[in-house]
1. Specify the residue that is surrounded by the fewest Cβ atoms within 10 Å (Cβ to Cβ); the eligible residues are those in the stretch 204-213 that are without any contact (Cβ under 8 Å) to a residue 40 or more places away in the chain and touching a helix residue (DSSP H, G or I) at 6+ places or on another chain (Cβ under 8 Å).
2. What is the number of the single condition among (1) modelled with pLDDT of 95 or more; (2) of a type in the set (Phe, Trp, Tyr); (3) under 18 Å from the mean Cα position of the chain (by Cα) that TRP153 does not meet?
3. Condition first: touching a residue at least 60 places away in the same chain (Cβ under 8 Å), within 30 Å of ALA61 (Cβ to Cβ) and out of contact with any strand residue (DSSP E or B) (no Cβ under 7 Å at 6 or more places or on another chain). Now tell me which residues in the stretch 102-134 satisfy that.
4. What residue, of GLY258, GLY237, GLY246, is within 19 Å of the chain's Cα centre (by Cα), small (Gly, Ala, Ser), more than 26 Å from PRO65 (Cα to Cα) and surrounded by 15 or more Cβ atoms within 10 Å (Cβ to Cβ)?
5. Go through the residues of the stretch 175-184 one by one and say whether even a single one is surrounded by fewer than 24 Cβ atoms within 10 Å (Cβ to Cβ), of a type in the set (D, E, K, R), more than 10 Å from the chain's Cα centre (by Cα) and not in a loop (DSSP other than H, G, I, E, B).
6. Hey, among PHE250, PHE271, which residue is aromatic (Phe, Trp, Tyr), within 28 Å of ASP139 (Cα to Cα) and either at pLDDT below 95 or out of contact with any helix residue (DSSP H, G or I) (no Cβ under 7 Å at 6 or more places or on another chain) (or both)?
7. Which of the following residues is surrounded by fewer than 23 Cβ atoms within 10 Å (Cβ to Cβ) and out of contact with any Phe, Trp or Tyr (no Cβ under 8 Å at 6 or more places or on another chain): GLN43, GLN81?
8. Tally the residues that are over 19 Å from PHE271 (Cβ atoms) and modelled with pLDDT under 85, restricting the search to the stretch 210-220.
Amino acid sequence: MLLPRTVTFPAAVVVTLWCVVRSLMVDALAGPLERVEFQSASQPLIPGDRIQGYLAKPEGAGPFPAVIGLHGCAGLDATKQRLTDDLVTRGYVTLLVDSFATRGIDHACTLSRSLANARRRTSDAYGALGFLARQTFVDPKRVAAVGFSQGGWVALSVAESNSFEPFVFPSDLRFRTVVAFYPLCKAVVGRLVIPTLILIGALDDWTPAADCSEKIDAWRTDGVQIEQVVYPGAHHGFYYPDFQPGSKLFGHWVEYNGEAADKASRRMLEFLDQHLS
C-alpha cells in the first residue's frame, strides 16, 4: 500500500520530532563546527544573556567575510549543515546562533512566544556580530546576517535604521547586508537601510510573499538595494529537507522544495558575494 504524498501531524508532534533532530544534529556537527559561547548585546541596566553558537571557518588566516545564521521558531536544525557547507566553501566564516539552548526554549512558534523573543533575538544577532569582530580571522566590516522564518524576521530587524540603538554596542560595528528566507515582513515597521534579499515561496501561508511585496517600494529608499525572489509552487520551509513529505505545523503548511532550495542557495551566495567582496 502506497503512503499518501503528504500527511498531517499534530503541531506538538512535529515540534517534538524537530527538537530530537536538533539534538542529534549537535552531535553530528561536533567535528566540523566549534561550539562557542558569547553574550548577547546588553541594554542599559540589562545585561546580555549567555548564548551558544557553532562556528566554522575556511582554511587560512583570513581575515574573511562572515555570515551569522539565525534559525527559525523551532530552533537550530540539521538544515543548517547545508548552509554552513555552502558558505564556508565560498570563503565565509559562519556562526550559527542558537537562541534557545541556553534559555531552555523548545520552540517559539506561537504568536505570543514569537513576540516575546523578538527583541531578545535581535540582541543575540548583535552579540554574535560583536563576538565575530573580536576574532582575528574575521573582517568586521564584512559581516552579513542570514535568517530563516523567525530568524528572517530578526535579519530584517537588524537591517532597519537605528536597530542597534537600544543596545550598548560599539558605534562602528554594523551588519553589511542581510538575506531573509520567508520572513514575517508585516512585523517590520522601520526602513531598511542596508542591502536586503528576501527569498520566499509563492504558496507560503505562514509568512505570505504578498506581505513583503507590499512593503518593498516603501523600503527602497535612498537607493538601497532591496530584492525579493518568489519561487512558484514553494511553501513555507522550502529550504528544510526534513519537511518531506509536507505537513501542517501550527496550522500552516510546510514542505521542502528541492528546486526552490537550490535556486535560493545560489541567489543567496551571489548576493553575499556582491555586497561582501
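The values are calculated or read from the model by the stated rules, or taken from the named source; none is laboratory data. For clarity, every value in this text was computed on a predicted model and none was experimentally measured. Quick reminder, even Gly has a Cβ in these numbers, built from the backbone with ideal geometry, and neighbours come from all protein chains shown.
1. Per the criteria, the residue is ASP211.
2. (1) is the only condition that TRP153 fails.
3. Answer for the stretch 102-134, where residues must be touching a residue at least 60 places away in the same chain (Cβ under 8 Å), within 30 Å of ALA61 (Cβ to Cβ) and out of contact with any strand residue (DSSP E or B) (no Cβ under 7 Å at 6 or more places or on another chain): TYR126, GLY130.
4. GLY237
5. No, that holds for no residue.
6. Details: PHE250 fails: within 28 Å of ASP139 (Cα to Cα).
Of the residues listed, the single one that is aromatic (Phe, Trp, Tyr), within 28 Å of ASP139 (Cα to Cα) and either at pLDDT below 95 or out of contact with any helix residue (DSSP H, G or I) (no Cβ under 7 Å at 6 or more places or on another chain) (or both) is PHE271.
7. GLN81
8. Qualifying residue count for the region: 2.
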